[in-house]
1. Among the residues of region 75-116, which ones are of a type in the set (Val, Ile, Thr) and within 22 Å of Ser192 (Cα to Cα)?
2. With the condition kept exactly as written, say whether any residue in region 335-354 is free of Cβ contacts under 8 Å to residues at least 12 places away in the same chain, out of contact with any Gly (no Cβ under 7 Å at 6 or more places or on another chain) and exposed (fewer than 12 other Cβ atoms within 10 Å of the Cβ).
3. Within region 232-256, restricting attention to residues that are of a type in the set (Gly, Ala, Ser) and in a helix (DSSP H, G or I), which residue is surrounded by the most Cβ atoms within 10 Å (Cβ to Cβ)?
4. Only one of Ser267, Ser250 is over 30 Å from Gly37 (Cα atoms), at pLDDT below 95 and either touching a His at 6+ places or on another chain (Cβ under 8 Å) or among the polar types (S, T, N, Q) (or both). Can you tell me which?
5. What are the residue pairs meeting all of these: first residue in region 362-389, first residue closer than 14 Å to Pro180 by Cα and of a type in the set (Phe, Trp, Tyr), second residue modelled with pLDDT of 95 or more and in a helix (DSSP H, G or I), Cβ atoms under 7 Å, and 6 or more apart or on different chains?
6. Do we have any residue at all in region 97-114 that's in a helix (DSSP H, G or I), surrounded by 11 or more Cβ atoms within 10 Å (Cβ to Cβ) and either modelled with pLDDT of 80 or more or not charged (D, E, K, R) (or both)?
7. Please give the helices (runs of 4 or more DSSP H) falling wholly within region 333-423 in which 1 or more residues are polar (S, T, N, Q).
8. So which pairs qualify, if the first residue must be in region 200-227 and crowded, with 22+ Cβ neighbours inside 10 Å, the second must be polar (S, T, N, Q), the Cβ gap must be under 7 Å, and the two must be at least 6 apart or on different chains?
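The values are calculated or read from the model by the stated rules, or taken from the named source; none is laboratory data. Computed from a predicted model, the values in this text were never measured in an experiment. Reconstructed Cβ throughout: ideal geometry from the backbone, glycine too, with neighbour counts over all protein chains shown.
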Amino acid sequence: MSKGLDARPGAVSSTGASRGVHAALAAGTRKAGFWFGRRPWWAQVVMVFAASRVVSFAIFAAAALQQGANPWFPPQPDYFHFLQIWDSEWYGRIVQHGYPSVLPRSSSGTVTENAWAFYPVFPYLVRALSAISTVPWQIVAQLVALASGFAAALLIFRLFRHFFGHGDALWGVAFFAFFPVSAILQVPYAESLGTAFLAWALLWIVERRYLAAIPVVAVACLTRPIGVPLAAALAVLFLVRWAPWRRQSSRAGELQLVRLGVLTLASGLSALAWPAIAWAATGVMTAYTDTEAVWRGSDLVPFMPWFDTGRFLFGPILGVLAPFALVAVVVLYLTSARVRLIGVELRLWCAAYALYLLAFLYPQSSTFRMMLPFFPLAVAGAVLSRSRAYRGTVLIMFVLLQIVWVVWLWDWSELPGGGDWPP
(Lines give C-alpha, C1' and ligand atoms only; values in the text may rest on other atoms or scores of the structure.)
Protein backbone atom coordinates (compact mmCIF):
# COMPACT_ATOMS: atom_id res chain seq x y z
CA MET A 1 0.00 0.00 0.00
CA SER A 2 1.43 3.36 -1.02
CA LYS A 3 2.09 5.97 1.61
CA GLY A 4 0.38 9.37 1.50
CA LEU A 5 2.40 12.45 0.84
CA ASP A 6 1.96 13.63 4.44
CA ALA A 7 3.72 10.51 5.61
CA ARG A 8 7.04 11.59 4.13
CA PRO A 9 9.56 12.71 6.75
CA GLY A 10 10.08 16.05 5.01
CA ALA A 11 6.36 16.77 4.96
CA VAL A 12 5.99 15.90 8.64
CA SER A 13 8.91 18.17 9.49
CA SER A 14 7.46 21.02 7.44
CA THR A 15 4.05 20.68 9.05
CA GLY A 16 5.56 20.60 12.51
CA ALA A 17 7.64 23.68 11.82
CA SER A 18 4.57 25.50 10.50
CA ARG A 19 2.60 24.58 13.60
CA GLY A 20 5.45 25.78 15.76
CA VAL A 21 5.54 29.17 14.01
CA HIS A 22 1.77 29.56 14.35
CA ALA A 23 1.90 28.60 18.01
CA ALA A 24 4.73 31.08 18.64
CA LEU A 25 2.80 33.85 16.85
CA ALA A 26 -0.35 33.06 18.82
CA ALA A 27 1.54 33.07 22.11
CA GLY A 28 3.29 36.33 21.20
CA THR A 29 -0.03 37.93 20.27
CA ARG A 30 -1.61 36.84 23.55
CA LYS A 31 1.37 38.14 25.50
CA ALA A 32 1.31 41.48 23.66
CA GLY A 33 -2.44 41.75 24.19
CA PHE A 34 -2.06 41.01 27.90
CA TRP A 35 0.73 43.61 28.19
CA PHE A 36 -1.33 46.18 26.25
CA GLY A 37 -4.40 45.53 28.42
CA ARG A 38 -2.44 46.29 31.59
CA ARG A 39 -1.37 49.74 30.40
CA PRO A 40 -3.32 52.80 31.65
CA TRP A 41 -6.11 54.05 29.40
CA TRP A 42 -4.17 57.06 28.14
CA ALA A 43 -1.20 54.89 27.15
CA GLN A 44 -3.48 52.55 25.20
CA VAL A 45 -5.03 55.51 23.35
CA VAL A 46 -1.60 56.96 22.59
CA MET A 47 -0.35 53.62 21.23
CA VAL A 48 -3.41 53.15 19.02
CA PHE A 49 -3.14 56.66 17.65
CA ALA A 50 0.64 56.35 17.20
CA ALA A 51 0.14 53.17 15.17
CA SER A 52 -2.31 55.00 12.91
CA ARG A 53 0.16 57.83 12.40
CA VAL A 54 2.90 55.38 11.42
CA VAL A 55 0.54 53.95 8.80
CA SER A 56 -0.27 57.42 7.47
CA PHE A 57 3.44 58.29 7.43
CA ALA A 58 4.18 55.21 5.31
CA ILE A 59 1.34 56.10 2.90
CA PHE A 60 2.51 59.70 2.56
CA ALA A 61 6.16 58.69 2.14
CA ALA A 62 5.30 56.16 -0.57
CA ALA A 63 3.02 58.64 -2.37
CA ALA A 64 5.77 61.28 -2.27
CA LEU A 65 8.01 58.96 -4.30
CA GLN A 66 5.33 58.94 -7.02
CA GLN A 67 4.86 62.73 -7.03
CA GLY A 68 5.82 64.22 -10.36
CA ALA A 69 6.22 67.85 -11.38
CA ASN A 70 4.12 70.15 -9.18
CA PRO A 71 3.77 73.85 -8.32
CA TRP A 72 5.69 73.62 -5.04
CA PHE A 73 8.77 71.39 -5.16
CA PRO A 74 10.82 69.25 -7.56
CA PRO A 75 9.48 65.76 -8.29
CA GLN A 76 9.73 63.08 -5.59
CA PRO A 77 9.93 65.40 -2.56
CA ASP A 78 10.67 63.97 0.87
CA TYR A 79 7.91 63.41 3.43
CA PHE A 80 8.54 66.73 5.17
CA HIS A 81 8.14 68.81 2.01
CA PHE A 82 5.31 66.66 0.66
CA LEU A 83 3.17 67.75 3.61
CA GLN A 84 3.82 71.45 2.98
CA ILE A 85 1.59 71.70 -0.11
CA TRP A 86 -2.06 72.66 -0.74
CA ASP A 87 -3.56 74.66 2.16
CA SER A 88 -0.37 74.17 4.16
CA GLU A 89 1.06 76.87 1.91
CA TRP A 90 -1.74 79.26 2.88
CA TYR A 91 -1.16 78.65 6.58
CA GLY A 92 2.53 79.31 5.95
CA ARG A 93 1.71 82.68 4.40
CA ILE A 94 -0.35 83.60 7.46
CA VAL A 95 2.47 82.50 9.79
CA GLN A 96 4.92 84.71 7.93
CA HIS A 97 2.81 87.68 6.84
CA GLY A 98 -0.51 87.60 8.71
CA TYR A 99 -3.76 88.63 7.05
CA PRO A 100 -4.12 91.36 4.40
CA SER A 101 -5.68 94.64 5.50
CA VAL A 102 -6.79 95.24 1.90
CA LEU A 103 -8.64 92.51 0.05
CA PRO A 104 -6.88 91.55 -3.19
CA ARG A 105 -9.05 92.07 -6.24
CA SER A 106 -8.94 91.14 -9.91
CA SER A 107 -8.99 93.64 -12.75
CA SER A 108 -12.79 93.37 -12.76
CA GLY A 109 -12.96 94.29 -9.07
CA THR A 110 -13.94 90.91 -7.66
CA VAL A 111 -12.19 89.53 -4.59
CA THR A 112 -9.47 86.96 -5.33
CA GLU A 113 -8.09 84.12 -3.19
CA ASN A 114 -6.62 85.35 0.08
CA ALA A 115 -5.80 84.32 3.64
CA TRP A 116 -9.12 85.41 5.19
CA ALA A 117 -10.60 82.02 4.25
CA PHE A 118 -8.39 80.37 6.90
CA TYR A 119 -9.03 80.68 10.63
CA PRO A 120 -6.28 82.14 12.85
CA VAL A 121 -5.68 79.93 15.89
CA PHE A 122 -3.52 77.32 14.16
CA PRO A 123 -1.20 79.65 12.20
CA TYR A 124 -0.80 82.12 15.06
CA LEU A 125 -0.06 79.31 17.52
CA VAL A 126 2.59 78.04 15.10
CA ARG A 127 4.01 81.55 14.75
CA ALA A 128 4.22 82.01 18.53
CA LEU A 129 5.84 78.63 19.19
CA SER A 130 8.31 79.15 16.35
CA ALA A 131 9.29 82.55 17.71
CA ILE A 132 9.73 81.21 21.24
CA SER A 133 11.65 78.08 20.24
CA THR A 134 13.47 79.54 17.18
CA VAL A 135 12.54 76.31 15.38
CA PRO A 136 11.51 76.88 11.72
CA TRP A 137 7.76 77.31 11.45
CA GLN A 138 7.47 74.45 8.92
CA ILE A 139 8.67 71.98 11.56
CA VAL A 140 6.57 73.56 14.30
CA ALA A 141 3.46 73.38 12.10
CA GLN A 142 3.81 69.64 11.62
CA LEU A 143 4.55 69.07 15.31
CA VAL A 144 1.53 71.13 16.39
CA ALA A 145 -0.72 69.23 13.99
CA LEU A 146 0.60 65.86 15.19
CA ALA A 147 0.41 66.76 18.91
CA SER A 148 -3.13 68.09 18.42
CA GLY A 149 -4.12 64.78 16.89
CA PHE A 150 -2.92 62.91 19.98
CA ALA A 151 -4.80 65.37 22.21
CA ALA A 152 -7.94 64.86 20.12
CA ALA A 153 -7.68 61.07 20.46
CA LEU A 154 -7.38 61.29 24.27
CA LEU A 155 -10.35 63.66 24.53
CA ILE A 156 -12.44 61.54 22.17
CA PHE A 157 -11.78 58.44 24.29
CA ARG A 158 -12.96 60.27 27.41
CA LEU A 159 -16.03 61.42 25.50
CA PHE A 160 -16.84 57.89 24.32
CA ARG A 161 -16.43 56.49 27.84
CA HIS A 162 -19.54 58.40 28.90
CA PHE A 163 -21.57 56.04 26.71
CA PHE A 164 -19.57 52.81 26.34
CA GLY A 165 -17.15 50.55 28.12
CA HIS A 166 -13.39 50.78 27.86
CA GLY A 167 -12.98 48.33 24.97
CA ASP A 168 -15.74 49.80 22.81
CA ALA A 169 -14.47 53.34 23.42
CA LEU A 170 -10.95 52.30 22.43
CA TRP A 171 -12.25 50.73 19.23
CA GLY A 172 -14.12 53.96 18.55
CA VAL A 173 -10.82 55.84 18.82
CA ALA A 174 -9.23 53.31 16.46
CA PHE A 175 -11.99 53.87 13.90
CA PHE A 176 -11.40 57.63 14.18
CA ALA A 177 -7.61 57.30 13.99
CA PHE A 178 -7.59 55.07 10.89
CA PHE A 179 -10.49 56.80 9.11
CA PRO A 180 -9.75 57.30 5.38
CA VAL A 181 -9.13 61.06 5.77
CA SER A 182 -7.32 60.73 9.11
CA ALA A 183 -4.02 61.29 7.31
CA ILE A 184 -4.89 64.99 7.56
CA LEU A 185 -4.33 64.76 11.33
CA GLN A 186 -0.55 64.97 10.86
CA VAL A 187 -0.57 67.54 8.06
CA PRO A 188 0.00 71.28 8.76
CA TYR A 189 -3.72 71.97 8.52
CA ALA A 190 -6.04 73.19 11.32
CA GLU A 191 -8.09 69.95 11.26
CA SER A 192 -6.34 68.17 14.13
CA LEU A 193 -6.32 71.24 16.39
CA GLY A 194 -9.95 71.99 15.52
CA THR A 195 -10.94 68.39 16.24
CA ALA A 196 -9.21 68.54 19.63
CA PHE A 197 -11.09 71.70 20.65
CA LEU A 198 -14.38 70.34 19.29
CA ALA A 199 -13.94 67.09 21.25
CA TRP A 200 -13.07 69.11 24.36
CA ALA A 201 -16.17 71.29 23.94
CA LEU A 202 -18.44 68.28 23.38
CA LEU A 203 -16.92 66.51 26.40
CA TRP A 204 -17.78 69.39 28.71
CA ILE A 205 -21.23 69.78 27.14
CA VAL A 206 -21.93 66.09 27.81
CA GLU A 207 -20.66 66.57 31.38
CA ARG A 208 -22.91 69.69 31.63
CA ARG A 209 -19.97 71.94 32.46
CA TYR A 210 -21.56 74.63 30.35
CA LEU A 211 -19.80 77.72 31.67
CA ALA A 212 -16.38 76.04 31.56
CA ALA A 213 -17.05 75.15 27.92
CA ILE A 214 -17.44 78.80 26.84
CA PRO A 215 -13.72 79.61 26.31
CA VAL A 216 -13.17 76.22 24.67
CA VAL A 217 -16.03 76.87 22.23
CA ALA A 218 -14.70 80.37 21.55
CA VAL A 219 -11.26 79.03 20.59
CA ALA A 220 -12.80 76.18 18.57
CA CYS A 221 -14.82 78.70 16.54
CA LEU A 222 -11.60 80.56 15.65
CA THR A 223 -9.86 77.34 14.65
CA ARG A 224 -12.36 75.79 12.23
CA PRO A 225 -15.81 76.94 10.98
CA ILE A 226 -17.90 74.96 13.46
CA GLY A 227 -19.60 77.82 15.30
CA VAL A 228 -22.88 77.88 13.38
CA PRO A 229 -23.71 74.15 13.70
CA LEU A 230 -22.53 74.07 17.32
CA ALA A 231 -24.76 77.02 18.24
CA ALA A 232 -27.68 75.37 16.44
CA ALA A 233 -27.10 72.07 18.27
CA LEU A 234 -26.95 73.86 21.62
CA ALA A 235 -30.14 75.78 20.87
CA VAL A 236 -32.01 72.53 20.23
CA LEU A 237 -30.41 70.99 23.32
CA PHE A 238 -31.72 73.95 25.33
CA LEU A 239 -35.24 73.18 24.14
CA VAL A 240 -34.77 69.49 24.95
CA ARG A 241 -33.67 70.35 28.50
CA TRP A 242 -36.32 73.06 28.94
CA ALA A 243 -39.32 70.80 28.24
CA PRO A 244 -38.86 68.47 31.28
CA TRP A 245 -37.76 71.38 33.49
CA ARG A 246 -41.02 73.19 32.73
CA ARG A 247 -42.93 70.25 34.18
CA GLN A 248 -40.69 69.81 37.25
CA SER A 249 -39.51 73.41 37.85
CA SER A 250 -36.55 72.47 40.06
CA ARG A 251 -34.05 75.11 41.20
CA ALA A 252 -31.09 72.98 40.10
CA GLY A 253 -32.64 72.47 36.66
CA GLU A 254 -33.21 76.21 36.34
CA LEU A 255 -29.56 77.01 37.05
CA GLN A 256 -28.47 74.40 34.57
CA LEU A 257 -30.78 75.84 31.91
CA VAL A 258 -29.42 79.34 32.50
CA ARG A 259 -25.86 78.09 32.09
CA LEU A 260 -26.79 76.22 28.91
CA GLY A 261 -28.50 79.35 27.60
CA VAL A 262 -25.37 81.41 28.28
CA LEU A 263 -23.23 78.84 26.45
CA THR A 264 -25.66 78.82 23.52
CA LEU A 265 -25.50 82.62 23.26
CA ALA A 266 -21.70 82.57 23.56
CA SER A 267 -21.50 79.96 20.79
CA GLY A 268 -23.62 82.10 18.49
CA LEU A 269 -21.44 85.14 19.12
CA SER A 270 -18.29 83.05 18.64
CA ALA A 271 -19.61 81.87 15.28
CA LEU A 272 -19.79 85.50 14.16
CA ALA A 273 -16.39 86.46 15.57
CA TRP A 274 -14.22 85.64 12.55
CA PRO A 275 -16.43 87.37 9.94
CA ALA A 276 -16.56 90.38 12.31
CA ILE A 277 -12.76 90.40 12.68
CA ALA A 278 -12.34 90.27 8.90
CA TRP A 279 -14.77 93.17 8.57
CA ALA A 280 -12.93 95.23 11.18
CA ALA A 281 -9.51 94.54 9.66
CA THR A 282 -10.43 95.22 6.01
CA GLY A 283 -13.32 97.65 6.30
CA VAL A 284 -15.42 95.35 4.10
CA MET A 285 -18.44 93.90 5.91
CA THR A 286 -18.55 90.83 3.65
CA ALA A 287 -14.79 90.24 3.56
CA TYR A 288 -15.01 86.68 4.88
CA THR A 289 -18.00 85.54 2.83
CA ASP A 290 -16.62 87.20 -0.32
CA THR A 291 -13.35 85.34 0.19
CA GLU A 292 -15.11 82.03 0.72
CA ALA A 293 -17.13 82.60 -2.45
CA VAL A 294 -13.89 82.77 -4.46
CA TRP A 295 -13.20 79.07 -3.83
CA ARG A 296 -16.77 78.20 -4.76
CA GLY A 297 -16.58 80.16 -8.00
CA SER A 298 -19.87 81.97 -7.32
CA ASP A 299 -22.01 83.40 -4.53
CA LEU A 300 -23.56 80.78 -2.30
CA VAL A 301 -27.26 80.01 -2.49
CA PRO A 302 -28.02 77.71 0.49
CA PHE A 303 -28.62 74.05 -0.45
CA MET A 304 -28.45 74.79 -4.20
CA PRO A 305 -24.88 73.43 -4.78
CA TRP A 306 -26.07 69.93 -3.85
CA PHE A 307 -28.78 70.09 -6.52
CA ASP A 308 -26.27 71.44 -9.05
CA THR A 309 -23.86 68.61 -8.27
CA GLY A 310 -26.71 66.09 -8.33
CA ARG A 311 -27.77 67.19 -11.82
CA PHE A 312 -24.12 67.09 -12.96
CA LEU A 313 -23.65 63.53 -11.68
CA PHE A 314 -27.06 61.93 -12.25
CA GLY A 315 -28.90 64.05 -14.81
CA PRO A 316 -31.84 66.48 -14.61
CA ILE A 317 -34.33 64.15 -12.91
CA LEU A 318 -32.32 61.86 -10.64
CA GLY A 319 -30.04 64.80 -9.83
CA VAL A 320 -32.92 66.71 -8.23
CA LEU A 321 -33.94 63.64 -6.22
CA ALA A 322 -30.38 62.78 -5.11
CA PRO A 323 -30.13 65.43 -2.32
CA PHE A 324 -33.46 64.28 -0.88
CA ALA A 325 -32.23 60.68 -0.94
CA LEU A 326 -29.04 61.78 0.82
CA VAL A 327 -31.04 63.55 3.53
CA ALA A 328 -33.22 60.47 4.01
CA VAL A 329 -30.14 58.26 4.46
CA VAL A 330 -28.61 60.68 6.98
CA VAL A 331 -31.85 60.90 8.98
CA LEU A 332 -32.28 57.12 9.01
CA TYR A 333 -28.70 56.62 10.16
CA LEU A 334 -28.81 59.28 12.90
CA THR A 335 -32.02 57.75 14.26
CA SER A 336 -30.78 54.14 14.10
CA ALA A 337 -30.45 52.06 17.25
CA ARG A 338 -26.65 52.12 17.43
CA VAL A 339 -26.35 55.87 16.87
CA ARG A 340 -28.95 56.54 19.56
CA LEU A 341 -26.48 55.03 22.03
CA ILE A 342 -24.11 58.02 21.73
CA GLY A 343 -26.45 60.35 23.58
CA VAL A 344 -28.58 63.31 22.65
CA GLU A 345 -25.74 65.87 22.73
CA LEU A 346 -23.56 64.05 20.21
CA ARG A 347 -26.49 63.18 17.97
CA LEU A 348 -27.61 66.81 17.93
CA TRP A 349 -24.08 67.88 17.00
CA CYS A 350 -23.92 65.40 14.12
CA ALA A 351 -27.39 66.41 12.88
CA ALA A 352 -26.60 70.13 13.08
CA TYR A 353 -23.26 69.67 11.33
CA ALA A 354 -24.90 67.59 8.57
CA LEU A 355 -27.50 70.34 8.08
CA TYR A 356 -24.73 72.94 8.01
CA LEU A 357 -22.88 71.05 5.28
CA LEU A 358 -26.06 70.65 3.25
CA ALA A 359 -26.81 74.36 3.54
CA PHE A 360 -23.38 75.92 3.03
CA LEU A 361 -20.93 73.42 1.58
CA TYR A 362 -20.17 73.29 -2.11
CA PRO A 363 -19.70 69.52 -2.64
CA GLN A 364 -16.31 68.78 -4.17
CA SER A 365 -13.20 66.73 -3.49
CA SER A 366 -12.59 68.58 -0.18
CA THR A 367 -15.94 67.29 1.09
CA PHE A 368 -14.27 64.07 2.28
CA ARG A 369 -12.06 66.08 4.63
CA MET A 370 -15.14 67.84 6.01
CA MET A 371 -16.38 64.48 7.35
CA LEU A 372 -13.87 64.49 10.22
CA PRO A 373 -16.13 66.40 12.70
CA PHE A 374 -18.55 63.48 12.50
CA PHE A 375 -16.09 61.57 14.72
CA PRO A 376 -18.78 60.74 17.36
CA LEU A 377 -20.18 58.31 14.80
CA ALA A 378 -16.91 56.33 14.91
CA VAL A 379 -17.87 54.60 18.14
CA ALA A 380 -21.39 53.93 16.82
CA GLY A 381 -19.75 52.16 13.88
CA ALA A 382 -17.44 50.25 16.21
CA VAL A 383 -20.30 48.84 18.29
CA LEU A 384 -22.32 47.86 15.22
CA SER A 385 -20.71 44.48 15.85
CA ARG A 386 -18.25 43.42 18.50
CA SER A 387 -16.80 40.76 16.21
CA ARG A 388 -13.04 41.12 15.86
CA ALA A 389 -13.37 40.04 12.25
CA TYR A 390 -15.78 42.91 11.56
CA ARG A 391 -13.70 45.52 13.36
CA GLY A 392 -10.44 44.34 11.83
CA THR A 393 -11.97 44.30 8.35
CA VAL A 394 -13.22 47.88 8.80
CA LEU A 395 -9.74 49.05 9.84
CA ILE A 396 -8.18 47.35 6.81
CA MET A 397 -10.79 48.94 4.55
CA PHE A 398 -10.07 52.35 6.12
CA VAL A 399 -6.33 51.97 5.45
CA LEU A 400 -6.97 51.01 1.82
CA LEU A 401 -9.28 54.00 1.38
CA GLN A 402 -6.66 56.21 3.03
CA ILE A 403 -4.21 55.13 0.34
CA VAL A 404 -6.81 56.08 -2.27
CA TRP A 405 -7.37 59.48 -0.64
CA VAL A 406 -3.67 60.34 -0.45
CA VAL A 407 -2.77 59.12 -3.94
CA TRP A 408 -5.89 60.54 -5.59
CA LEU A 409 -6.20 63.91 -3.84
CA TRP A 410 -3.06 64.82 -1.90
CA ASP A 411 -0.68 63.77 -4.68
CA TRP A 412 -0.75 66.61 -7.24
CA SER A 413 -1.40 65.64 -10.84
CA GLU A 414 -2.41 68.30 -13.35
CA LEU A 415 -5.86 67.93 -14.87
CA PRO A 416 -6.40 68.42 -18.63
CA GLY A 417 -7.81 71.88 -17.98
CA GLY A 418 -5.05 72.82 -15.51
CA GLY A 419 -4.80 72.58 -11.73
CA ASP A 420 -5.91 69.56 -9.71
CA TRP A 421 -8.67 68.54 -7.33
CA PRO A 422 -7.81 69.77 -3.80
CA PRO A 423 -7.82 67.35 -0.85
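1. Passing the criteria: Ile85, Ile94, Val95.
2. Checking region 335-354: at least one residue is free of Cβ contacts under 8 Å to residues at least 12 places away in the same chain, out of contact with any Gly (no Cβ under 7 Å at 6 or more places or on another chain) and exposed (fewer than 12 other Cβ atoms within 10 Å of the Cβ).
3. Only one residue tops the list, namely Ala233.
4. Ser250
5. Taking only residues 6 or more apart or on different chains, the pairs are Phe368/Trp405; Phe374/Cys350; Phe374/Tyr353; Phe375/Ile156; Phe375/Phe176; Phe375/Thr195.
6. no
7. Helices (runs of 4 or more DSSP H) meeting the threshold: 388-405.
8. Val217/Ser267; Val217/Ser270; Cys221/Ser270; Gly227/Ser267; Gly227/Ser270
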